[in-house]
Amino acid sequence: MQLTSSDIAFVTDGILFGPEGIRVREIITDSRNAFIAPDTAFVAIRGNNHDGHLFIGSLHSKGIRVFIVSELPADIDLYSDTAFIKCSDTVEGLQKIASWHRNQFRAKVIGITGSTGKTIVKEWLADILGKACSVVRSPKSYNSQIGVPLSVLKLGNSYDYGIFEAGISSPGDMEKLERIIKPDIGIITNIGDAHRENFPGDEAKGREKLKLFRNTGMIVFNRDQLLVRDLVRSDEKLRSAKLVGWSFSDTDAEVYVRITRSVEGHTMAEITFSGNTMEYDIPFTDRASVDNALTVISACLALGLETATISKGLSELVAVAMRMELKNGINNCQLIEDYYNSDPGSLLMALEFMKQANGRKASLILSDFLQTGRSETELYSEVASLVAGTGIDRFTGIGEALCRNRALFGPEAKFFHSTDEFISRFSSDMYRDEIILLKGARVFEFERIGRLLEQQVHTTHLEINLDAISHNLNEFRRFLRPGTRIMAMVKAFAYGSGPSEIASLLEFHRVSYLAVANADEGAGLREAGITMPVIVMNPDPSASDQLIRCNLEPEIYCFSALASFVRAAARHGLVNYPVHIKVDTGMHRLGFLPGEIKELSGVLKSLDCIKVMSVFSHLAGSDDEKLDGFTHRQAEIFLNAASVIKNELEYPFLMHLLNTSGIARFPEYQFDMVRPGIGMYGIGQYPGLDLRPAGRFLTRISQVKVIPAGEPVGYGCRDVSEKERLIAILPVGYADGLNRKLGNNNGCLFIKGRRVEIAGNICMDMCMADITGLDAAEGDEAEIFGMNIKLEELAARCETIPYELLTSIPGRVKRIFFRE
């Protein structure tokens, strides 16, 4: 893309303020973008939980000189070298730029929509088509009103095909996306339940989706999905296109499919197209994957791809991993694994993910990009610019193409011709105290490198979905008044999730404070590179020097704690060191009692070494409507205490009272800040909050054995059955946080689509499950809690609360952090 600031004003129907001729080659919408190339423009988008206009100053300092805005900055006179294009709607302005750019592209564009499977079809089609042509695709699932234009802006004349997916949630969405994508070829996967709530039925939703194809020359679809078939046939514009429908049952279909056999993870399909019959080996047996593969095969055949190329591409397909995983690595390293979808667009997304886990040296291990038709020099020059622009400290390239283009990278970069060569030269002391991104095409088998770099190999692990935590944080923000701050609770190992990784994410999302339980937890965050304010909620008086050394802000809850910290502050010669005053309003844990507030205020006024940053209290029953009267009484006591302190001190301070349930139920007490805790991890039900569970506790079957009738299972021989049983042994026990109360058929696991009871007593490192009648084997995954067994249910079976179960999962259980 090559535009000037005046061109952008013309294309967007905006008004230009500032220089006319500033050149623009890239457009971004996220102020946290890790790579800001020269000639970049920023689109300031105002949403429910964010406002891009707030970051104009910081982005200007990073070199951006073109901004697309809906409101001019008040201090615009300070930006004499900068162009501002004012539009009534900046998202619409972004879409107009993408639509203009699409019109300059003369090669073929493929548009994909559907309720499910569209991302997988896009990825597989791009992989197979990319073996014969140069292909650009939308990264991951960039299919929204913002994601689609950002994807389309990647089109360039060096590509033979552009492949973009389009998702909708409301009527009218698809017409906007169609004007951007303008597909020459359309593919629809299916019509199902996703986003049904905004449509009167599947037929209405299907008609909306098919608006993407109103000007296409070809449509690929499954004729056995009768709703899709009938909607296409009934629309005069759609049926005028070349229709390529595949079917298992209709021998007159353009693509007729007959499954000849299915064995050992492979499905053999005999396919007839244009009078020719060919056999293809699909490396999957589940129905959804087979259907998606058949849609891809049909599209490839219709586009004239040779059978040998399609077969080779199919042989290399894998289930699309729509996430990047963050794990603990050797020698205090962190490891990000992203083994699929290797192209510059997905590389940038992975680098953005790496940026969130800050505070360490950054290393990138990258494989060749497996695509043809694009100049190697152009391609790897772009990669080298990304590597330089995102602050990668160490780059390692693996593959013949990267070796040929090593001169484009810095002198410190290392290159290997193959994964085998890298492994043969690997030493465990090569990486230390750094974050390592493994980004490779599937055929390079980077999981072999991952096993060398990974610290823990215990198959039992806790998965934490960072995107779910981000979503939940924004749900809380949706409830807050403008200007209300957030103190995020990351105490007790971030409720079992892992404090430094969660803290990095929260720092990235600009919460105002983090809160930990003790000084050691806070020191751990500082050691992990967290620089934002951290409050210690339960500081031991003996830890005052550690608090000051690590720049941690203590909760002051009694006169002796105040005196102890003041003595330490005086020893260090401090002035106005930040502290936070806790008031006991009825919970009767830590805190100054109401009768002590007047004396406290006088003492605080006399001290120069500390400064009160906030006054707060904690609600005892905010989740129980029967205690609402008590909650209101607590709030009244708190307001009175804060008022007394405010009258004595000659400076303002923050006030905060609400925990997770309080945020949902008592918006009138938001004051200056709120303190979400376990709700950030999607635990609990709160009125009006659409929270997503962020954690899954998983293990895998170690052994399967047949136990005869009358034989016991486990310690104490308590579990005996009159019937023969198939028993699975799994490497998770009470030392891993699996509560012993779940044994002897009180608890269950989720294996191969079914709940199975836990048999016998739970052991320290193992448990057993009755999988009789289930087709399960060694290595199969078992969910302890997650999508199918809720943590709240587990807590009820154990007669405890979710907090206890989460915080009982010890550090020996591997944490895997991922983004979808």
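Residue-by-condition table, conditions (1) in a strand (DSSP E or B); (2) at pLDDT 90 or above:
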position: 279; (1), (2): yes, yes
position: 291; (1), (2): no, yes
position: 296; (1), (2): no, yes
position: 309; (1), (2): no, yes
position: 336; (1), (2): yes, no
position: 348; (1), (2): no, no
position: 358; (1), (2): no, no
position: 365; (1), (2): yes, yes
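Could you tell me whether any residue of segment 676-687 is under 22 Å from the mean Cα position of the chain (by Cα), more than 22 Å from residue 796 (Cα to Cα) and modelled with pLDDT under 95?
yes
Regarding residue 199, is this residue over 25 Å from the mean Cα position of the chain (by Cα), crowded, with 17+ Cβ neighbours inside 10 Å and either under 25 Å from residue 135 (Cβ atoms) or modelled with pLDDT of 90 or more (or both)?
no
Can you tell me which residue in segment 261-272 is least open to solvent (accessible area, probe 1.4 Å), limited to those that are more than 19 Å from residue 292 (Cβ to Cβ) and either in a strand (DSSP E or B) or in contact with a Ser or Thr (Cβ under 8 Å, 6 or more places away or on another chain) (or both)?
272
State yes or no: is residue 534 open to solvent by less than 10 Å² (accessible area, probe 1.4 Å) and more than 24 Å from residue 819 (Cα to Cα)?
yes
Regarding residue 660, is this residue open to solvent by less than 40 Å² (accessible area, probe 1.4 Å), under 30 Å from residue 325 (Cα atoms) and polar (S, T, N, Q)?
yes
Among 450, 440, which is the only one that is crowded, with 20+ Cβ neighbours inside 10 Å, within 26 Å of residue 528 (Cα to Cα) and of a type in the set (Gly, Ala, Ser)?
450
Inside segment 217-258, can you point out the residues that are touching a Ser or Thr at 6+ places or on another chain (Cβ under 6 Å) and either open to solvent by less than 10 Å² (accessible area, probe 1.4 Å) or not basic (Lys, Arg) (or both)?
220, 224, 241, 244, 246, 253, 255, 256
Taking only segment 62-116 into account, find how many residues are surrounded by fewer than 20 Cβ atoms within 10 Å (Cβ to Cβ), among the charged types (D, E, K, R) and over 26 Å from residue 160 (Cα atoms).
Summing the residues that are surrounded by fewer than 20 Cβ atoms within 10 Å (Cβ to Cβ), among the charged types (D, E, K, R) and over 26 Å from residue 160 (Cα atoms) in segment 62-116 gives 8.
Condition first: open to solvent by less than 40 Å² (accessible area, probe 1.4 Å) and free of Cβ contacts under 8 Å to residues at least 24 places away in the same chain. Now tell me which residues in segment 564-573 satisfy that.
The one that is open to solvent by less than 40 Å² (accessible area, probe 1.4 Å) and free of Cβ contacts under 8 Å to residues at least 24 places away in the same chain: 564.
Scan the strands (runs of 3 or more DSSP E) fully inside segment 692-775 and keep the ones with 1 or more residues being in contact with a strand residue (DSSP E or B) (Cβ under 6 Å, 6 or more places away or on another chain) and under 30 Å from residue 501 (Cβ atoms).
In segment 692-775, the matching strands (runs of 3 or more DSSP E) lie at 695-700, 725-730, 748-751, 754-759, 767-770.
Given the conditions (1) in a loop (DSSP other than H, G, I, E, B); (2) of a type outside the set (Val, Ile, Thr); (3) surrounded by fewer than 21 Cβ atoms within 10 Å (Cβ to Cβ), report the number of the one that residue 599 does not fulfil.
Of everything listed in (1) in a loop (DSSP other than H, G, I, E, B); (2) of a type outside the set (Val, Ile, Thr); (3) surrounded by fewer than 21 Cβ atoms within 10 Å (Cβ to Cβ), residue 599 misses just condition (1).
Got a sec? Which of 514, 480 is surrounded by fewer than 19 Cβ atoms within 10 Å (Cβ to Cβ), out of contact with any Cys (no Cβ under 8 Å at 6 or more places or on another chain), aliphatic (A, V, I, L, M) and at pLDDT 90 or above?
Checking each option against the conditions leaves just 480.
Condition first: of a type in the set (Asp, Glu) and either closer than 15 Å to residue 504 by Cα or open to solvent by 30 Å² or more (accessible area, probe 1.4 Å) (or both). Now tell me which residues in segment 537-563 satisfy that.
540, 545 - these are the residues of segment 537-563 that are of a type in the set (Asp, Glu) and either closer than 15 Å to residue 504 by Cα or open to solvent by 30 Å² or more (accessible area, probe 1.4 Å) (or both).
Report whether or not residue 529 is at pLDDT 90 or above and out of contact with any strand residue (DSSP E or B) (no Cβ under 9 Å at 6 or more places or on another chain).
Criteria not met by residue 529.
Tell me, yes or no, whether segment 134-142 has at least one residue that is within 28 Å of residue 14 (Cβ to Cβ), modelled with pLDDT of 95 or more, open to solvent by less than 40 Å² (accessible area, probe 1.4 Å) and of a type in the set (Ser, Thr, Tyr).
Scanning segment 134-142, I find no residue that is within 28 Å of residue 14 (Cβ to Cβ), modelled with pLDDT of 95 or more, open to solvent by less than 40 Å² (accessible area, probe 1.4 Å) and of a type in the set (Ser, Thr, Tyr), so the answer is no.
Across segment 255-276, what is the number of residues that are over 19 Å from residue 220 (Cβ atoms) and among the hydroxyl-bearing types (Ser, Thr, Tyr)?
The qualifying residues number 3.
Scan segment 602-633 for residues that are within 28 Å of residue 533 (Cβ to Cβ) and assigned to a loop (DSSP other than H, G, I, E, B) and report the count.
9
Return the residue satisfying two criteria in turn: it lies in segment 776-795 and is touching a Pro at 6+ places or on another chain (Cβ under 8 Å) and part of a loop (DSSP other than H, G, I, E, B), and of such residues it is farthest from residue 752 (Cα to Cα).
790
Name the pairs whose Cβ atoms lie under 9 Å apart, with the first residue in segment 636-653 and open to solvent by 50 Å² or more (accessible area, probe 1.4 Å), the second among the small types (Gly, Ala, Ser), and 6 or more positions between them or separate chains?
Listed by first residue and then by second, the contacts come to 644/601; 646/601; 647/601; 648/601; 648/602.
Which condition breaks for residue 250 when tested against (1) modelled with pLDDT of 95 or more; (2) assigned to a loop (DSSP other than H, G, I, E, B)?
The one condition residue 250 does not meet is (1).
Output yes when any residue across segment 744-759 is open to solvent by less than 60 Å² (accessible area, probe 1.4 Å), over 29 Å from the mean Cα position of the chain (by Cα), over 22 Å from residue 801 (Cα atoms) and touching a residue at least 12 places away in the same chain (Cβ under 8 Å), and no when none is.
yes
Could you give me the residue pairs with C-beta distances under 7 Å whose first residue belongs to segment 111-126 and is farther than 19 Å from residue 170 by Cβ, whose second residue is open to solvent by 10 Å² or more (accessible area, probe 1.4 Å) and of a type in the set (Gly, Ala, Ser) wherever it lies, and which are 6+ apart or on separate chains?
If the second residue must be open to solvent by 10 Å² or more (accessible area, probe 1.4 Å) and of a type in the set (Gly, Ala, Ser), the pairs left are 117/288; 119/141.
Among the residues of segment 574-589, is there at least one that is surrounded by 22 or more Cβ atoms within 10 Å (Cβ to Cβ), out of contact with any Ser or Thr (no Cβ under 6 Å at 6 or more places or on another chain), small (Gly, Ala, Ser) and under 22 Å from residue 662 (Cβ atoms)?
No, the conditions are met nowhere in segment 574-589.
Just one of the numbered conditions (1) over 26 Å from residue 466 (Cβ atoms); (2) of a type in the set (Ser, Thr, Tyr); (3) surrounded by 22 or more Cβ atoms within 10 Å (Cβ to Cβ) is not true of residue 699; which one?
Residue 699 satisfies every listed condition except (1).
Hey, residue 626 hits all of (1) touching a residue at least 40 places away in the same chain (Cβ under 8 Å); (2) open to solvent by 10 Å² or more (accessible area, probe 1.4 Å) but one; which does it fall short on?
All conditions pass for residue 626, except number (1).
Is there a residue being of a type in the set (A, V, I, L, M), in contact (Cβ under 8 Å) with a residue 60 or more places away in the chain and surrounded by fewer than 20 Cβ atoms within 10 Å (Cβ to Cβ) anywhere in segment 176-192?
no
The values are calculated or read from the model by the stated rules, or taken from the named source; none is laboratory data. On a predicted model such as this, the values are computed, not experimentally measured, just so you know. Virtual Cβ from ideal backbone geometry, glycine too; neighbours counted across all protein chains shown. The protein model used for the area step is the full one, side chains on, heavy atoms only, and it has no ligands, DNA or RNA in it. Shrake-Rupley method; radii C 1.70, N 1.55, O 1.52, S 1.80 Å.
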